[in-house]
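> Below is the structure I would like to discuss, written out as structure tokens.
The values are calculated or read from the model by the stated rules, or taken from the named source; none is laboratory data. Just so we're clear, the structure is a prediction, and the values are computed from it rather than from any experiment. Please note: Cβ atoms are built from the backbone with ideal geometry, for glycine as well, and neighbour counts cover all protein chains shown. SASA here: full protein model, heavy atoms, side chains in, ligands and nucleic acids out. Shrake-Rupley method; radii C 1.70, N 1.55, O 1.52, S 1.80 Å.
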Amino acid sequence: MTDLDQRITSVLRERAEGEIDTDRLLNRSRARGRRRRQRRRAAAGTALALVGVLGYVGATGPDISGLSGRLPWTTATTTPVAAPVPPRADGVPGAAQRPDLVGTDPQVLHLGVDPAKGRYLDWGVTGQVESVRFDAGGGRPVAVSVARSAAELDGTGIEGESVEAPSAATFDGSVQRVPASDGSPWYVTWWRPAAGLYARASMSASDPFALVRAIEAIRWDEARRCGGPLRLTTLPAGARIDSCSVDVSSFPGVMAVTVNLYRGTSDTMYVRLEYNSGISGVRSDGNRTVGGRPAYLYPQGGQLELLGIPRTHLIATFGLLATGFTEEDATTLLAGARVAKDPGDPETWD
């Protein structure tokens, strides 16, 4: 056991019957652990293959075959591909600079992840809550959510449906162990990254300090576009975007973007981009035209697909489980959709 580990263990034993003060853990470990972390980052840099231009910071649609499983993010590929990172939202301040903007735009995240410390698995904005989930190394997903009020976080479940949320959140940086139905150890912490912000992080780990280390990867002084390779530039009359989510946990094999739209109190429509590296050829045999490009209206109605995008399905669903919108609305939405040159290459997402 290293001196760093002994110090962490000492603090944990002292507080074994109560909550764990993350500030104390960090203060005791940072000084002696800095060199150790630097060596780890240097060794892991090549293996992680994380590529992206990031700034500095502080601490639903139908599934498709192939999206049901999650591939390890270290899976080898024949051609190196940059790790997925949400594109920058140019000119938009991060949560640390403008906490009042968090959760106000479903197409923007006001936080990010340090690529040297974590690899994005998914991200999204739902309601007034912004969330990211990333791999902190060793296949350990960390889920982080931030909102402008504690009440907003109370309405969102903790990562993993089997995890039982504690009855009260303290937002003082303490770490709690929470029960999981399968018996696995889960830890949760709540804190205030800035005045007017409330954050929560959770992960399954063998000790609470793993969570403390992981949340150091969060960057609060940058903003990023939620849609990844997809931009929606034209909305149907009266429509508004309600939520956005991107799943890159199985990248570079597959990835998915889902954007939900509402109109009034009951009209719903969603557009979903599904990329799969195993798709061969480009379909162009449409029965509709959208913005001068071939499109396909599915026989059952209620779904319109924009064709001609390599290894990608881009479908607007306005029927089936969605209601109120029309084919004309879907045509307007897809005509204004902008897709990256290669959805399978994050370097083209900007």
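> Does GLY281 satisfy the condition of being open to solvent by 10 Å² or more (accessible area, probe 1.4 Å) and closer than 20 Å to GLY324 by Cα?
Against the criterion (open to solvent by 10 Å² or more (accessible area, probe 1.4 Å) and closer than 20 Å to GLY324 by Cα), GLY281 does not qualify.
> Provide a single number: the residues in the range 238-265 that are surrounded by fewer than 20 Cβ atoms within 10 Å (Cβ to Cβ), out of contact with any strand residue (DSSP E or B) (no Cβ under 6 Å at 6 or more places or on another chain) and among the small types (Gly, Ala, Ser).
So the answer is 2.
> Quickly run through the range 192-217 and pick out the residues that are buried (at least 21 other Cβ atoms within 10 Å of the Cβ) and farther than 22 Å from ALA116 by Cα.
Those that are buried (at least 21 other Cβ atoms within 10 Å of the Cβ) and farther than 22 Å from ALA116 by Cα: LEU197, TYR198.
> Does at least one position in the range 275-296 carry a residue that is modelled with pLDDT of 95 or more, among the hydroxyl-bearing types (Ser, Thr, Tyr), assigned by the TED database to the domain that holds VAL257 and touching a Leu at 6+ places or on another chain (Cβ under 8 Å)?
So far as the range 275-296 goes, yes, one or more of its residues are modelled with pLDDT of 95 or more, among the hydroxyl-bearing types (Ser, Thr, Tyr), assigned by the TED database to the domain that holds VAL257 and touching a Leu at 6+ places or on another chain (Cβ under 8 Å).
> For the range 221-297, please list each of the strands (runs of 3 or more DSSP E) lying entirely inside it that holds at least 3 residues being under 23 Å from VAL85 (Cβ atoms).
Where strands (runs of 3 or more DSSP E) fall fully within the range 221-297 and carry at least 3 residues being under 23 Å from VAL85 (Cβ atoms), they are 230-232, 239-247, 254-263, 267-276.
> On to the next question. Could you figure out which of (1) in the same structural domain as ILE218 (by the TED database); (2) modelled with pLDDT of 95 or more; (3) surrounded by 18 or more Cβ atoms within 10 Å (Cβ to Cβ) isn't true of PRO86?
Evaluating PRO86 over (1) in the same structural domain as ILE218 (by the TED database); (2) modelled with pLDDT of 95 or more; (3) surrounded by 18 or more Cβ atoms within 10 Å (Cβ to Cβ) leaves (1) as the failure.
> Quickly run through the range 332-350 and pick out the residues that are open to solvent by 10 Å² or more (accessible area, probe 1.4 Å) and in a strand (DSSP E or B).
ARG338, VAL339, listed by residue number.
> Please enumerate the residues belonging to the range 98-142 that are surrounded by fewer than 21 Cβ atoms within 10 Å (Cβ to Cβ) and among the aliphatic types (A, V, I, L, M).
LEU101, VAL108, ALA116
> Right, something else. Within the range 204-219, is even one residue within 22 Å of VAL102 (Cα to Cα), modelled with pLDDT of 95 or more, part of a strand (DSSP E or B) and not acidic (Asp, Glu)?
yes
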